[in-house]
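What follows is a single structure, written as structure tokens, with notes after it.
The values are calculated or read from the model by the stated rules, or taken from the named source; none is laboratory data. Computed from a prediction, not measured in an experiment: that's the story for all the values here. In this analysis, Cβ positions are derived from the backbone assuming ideal geometry, glycine residues included, and neighbour counts consider all displayed protein chains. These area figures cover heavy atoms from the full protein model, side chains too; ligands, DNA and RNA do not enter into them. Shrake-Rupley method; radii C 1.70, N 1.55, O 1.52, S 1.80 Å.
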Amino acid sequence: LYGEFYQLDCEMSFVDDGETVRKEMEPLIKGLVKDFAGKKLLSEDIPRIPYQESMEKYGVDKPDLRYGMELIDLTEDMKNTEFSVFAKAKCVKAICVKGGADLTRSQIDNFTDKARKLGAGGLAYITYTKEGAKSPIAKFLSEKELEAIKKKTGAKEGDTVFFGADKREKVNKVLGQLRIAFADHFGLKDPNVVALCWIVDFPFYEWDEGSDKLDFGHNPFSMPKGGLETLKAAKTKEEKLAIVADQFDMVMNGYEICSGAVRNHNPEIMYKVFGILGYDKKYVEERFGGMLNAFKFGAPPHAGCAYGID
């Protein structure tokens, strides 16, 4: 089996920030959406969403903005709760599903099964009816907690609020996928509307749970924001994980259609980004000698991106 993939590459010399590339490409993509495809843009202003914000609000790094259902953080509101599932969790979040009161028991069970397959212990929920909040967990929550849930999620009569409670990463993952599943169920993905956004500030490093050590997040050849000084200043694990790359994706209706970055052109930065992970200069020179030599001859600052033609 094999696959073919075509992409449109753009590289720009003497460019040292990703925003220059993004602004250059936007008119092309907007034109393709409106004039070529005949679709409607959700917004002419394409938002820039930092990676971490996207994970917290949508549970994914390629959010579909045609619908809401953002993840609402209730961790602080539930810190003194008597409901043990929430009390033991490091993070408690919720999503409000408009019209969720119409879901049958069987349909809720299907969504619960999906949550379990993603690693959740179950799927707690509250349904809002004329009689008030109905839920197997409502009796464990105080009036203050119930009021906070309703106010923060914006729940109205006819809505259902679903909860995630666990480690933050798992909660984001589970609710992020449920958000997509609920949108499919309720037909919220208008095929005639195109919602674009840029996801920016990807983590340069990430923590690999399997090997229990630091590793590259995405592309080790992108430019870390702040350059060499930021790399030198990062001493602790937390400081290293806080380093972001001048790297970005364009997302359309929940799909990544472009990746780009400011490219690293500095040999010292290249040595340092590998050195933080314990690789010495010899390793870098043996593996990437051609690139290093090109840099040493005087490569200009450069940045670019690539769109999938499909």
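Observations on the model:
- Condition broken by I49, with the remaining ones in (1) part of a helix (DSSP H, G or I); (2) in contact (Cβ under 8 Å) with a residue 60 or more places away in the chain; (3) under 30 Å from K167 (Cα atoms) satisfied: (1)
- Residue in the range 123-140 that is under 30 Å from Y51 (Cα atoms), surrounded by fewer than 18 Cβ atoms within 10 Å (Cβ to Cβ) and of a type in the set (G, A, S) present: no
- Number of positions in the range 21-53 that are out of contact with any Cys (no Cβ under 6 Å at 6 or more places or on another chain), of a type outside the set (K, R), more than 14 Å from L65 (Cα to Cα) and open to solvent by less than 50 Å² (accessible area, probe 1.4 Å): 7
- Unique residue being over 25 Å from N253 (Cβ atoms) and either in contact (Cβ under 8 Å) with a residue 12 or more places away in the chain or in a strand (DSSP E or B) (or both) when the list is K152, K79, K93, K62: K152
- Sole residue being more than 30 Å from L42 (Cβ to Cβ), modelled with pLDDT of 95 or more and of a type in the set (K, R), chosen from K152, K90, K98: K90
- Residues in the range 189-219 that are out of contact with any helix residue (DSSP H, G or I) (no Cβ under 8 Å at 6 or more places or on another chain) and aliphatic (A, V, I, L, M) were compared, and the one that is nearest to I49 (Cα to Cα) is A195.
- Check on I180, touching a residue at least 40 places away in the same chain (Cβ under 8 Å), of a type outside the set (D, E), within 24 Å of D64 (Cα to Cα) and assigned to a helix (DSSP H, G or I): yes
- Test: residue in the range 281-303 that is part of a strand (DSSP E or B) and either open to solvent by less than 20 Å² (accessible area, probe 1.4 Å) or within 28 Å of K237 (Cβ to Cβ) (or both): yes
- Restricting the search to strands (runs of 3 or more DSSP E) fully inside the range 207-264 and requiring at least 3 residues that are more than 16 Å from the chain's Cα centre (by Cα) gives 213-216, 255-263.
- With respect to the stated conditions, E56 is assigned to a helix (DSSP H, G or I), at pLDDT 95 or above and surrounded by 14 or more Cβ atoms within 10 Å (Cβ to Cβ).
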